[in-house]
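The values are calculated or read from the model by the stated rules, or taken from the named source; none is laboratory data. Computed from a prediction, not measured in an experiment: that's the story for all the values here. Cβ atoms come from the backbone with ideal geometry, glycine included; neighbour counts cover every protein chain shown.
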């Protein structure tokens, strides 16, 4: 009987402990969320997120995860907190949060959204980069933000071919591919303006070889033509012009370069 009473008493203490974990958890008694059950804390965080109060929503999600680190509510908090960071114009933090969700919940039913959100955050970063880069001196590392966004979307497309986010991801990949080609043209122009004609040719040739179908192909061919001329490589300039004229006969670059691409006749 005495042993049975001790078991019952232990069970009561354990039940009380579980109840406390589900309702309050650690925290400051002066905190307005102190003592909130997990469901109520989540609903409040969700309300703040829906009302676009992203900063406070993040605070509530962080409190929820700290107090109740396991279960469905914690999972929701992690992915919604990543979205809140994205909407707060904190792309790098959003990417870190999405990465964390992927690592903690690789088999979650909505893990494809974490991949998509990671791509979105990086995509916005790459667009803001392009807005700045054309007013600045380019460098080799600058295109990394664009390539990272492309790779994030590519990973989503490969891993989740039936994802609802697939069509938008593919469209964004196409745009990023165009941006990469534009960036290479920007670098080629930079080299040409500084007299580094061989470097300009190499960057332009890279666009022609790696971005077939891009809107930047005529610009790349035009850069090759003008740079070859500067280098005295008139046969190569002529070949490049023939390709430009054949594939883009009505392009403004074709009209501009209608001049002879052959070596000028020398006076006797």
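List of remarks:
- Among the residues of the range 112-143, just one is modelled with pLDDT of 60 or more and outside any helix (DSSP H, G or I), namely 143.
- Qualifying position, being modelled with pLDDT under 95, surrounded by 15 or more Cβ atoms within 10 Å (Cβ to Cβ) and out of contact with any strand residue (DSSP E or B) (no Cβ under 8 Å at 6 or more places or on another chain), among 102, 95, 79, 146: 146
- Flag for residue 43 being at pLDDT 95 or above, surrounded by 11 or more Cβ atoms within 10 Å (Cβ to Cβ) and out of contact with any helix residue (DSSP H, G or I) (no Cβ under 9 Å at 6 or more places or on another chain): yes
- Out of 177, 159, one residue alone is within 22 Å of the chain's Cα centre (by Cα) and in contact (Cβ under 8 Å) with a residue 40 or more places away in the chain. It is 159.
- Residues within the range 59-73 that are assigned to a helix (DSSP H, G or I) and either free of Cβ contacts under 8 Å to residues at least 24 places away in the same chain or more than 17 Å from residue 102 (Cα to Cα) (or both), tallied: 10
- Residue-level check: of (1) under 30 Å from the mean Cα position of the chain (by Cα); (2) outside any loop (DSSP other than H, G, I, E, B); (3) touching a residue at least 24 places away in the same chain (Cβ under 8 Å); (4) surrounded by fewer than 21 Cβ atoms within 10 Å (Cβ to Cβ), residue 48 misses just (3).
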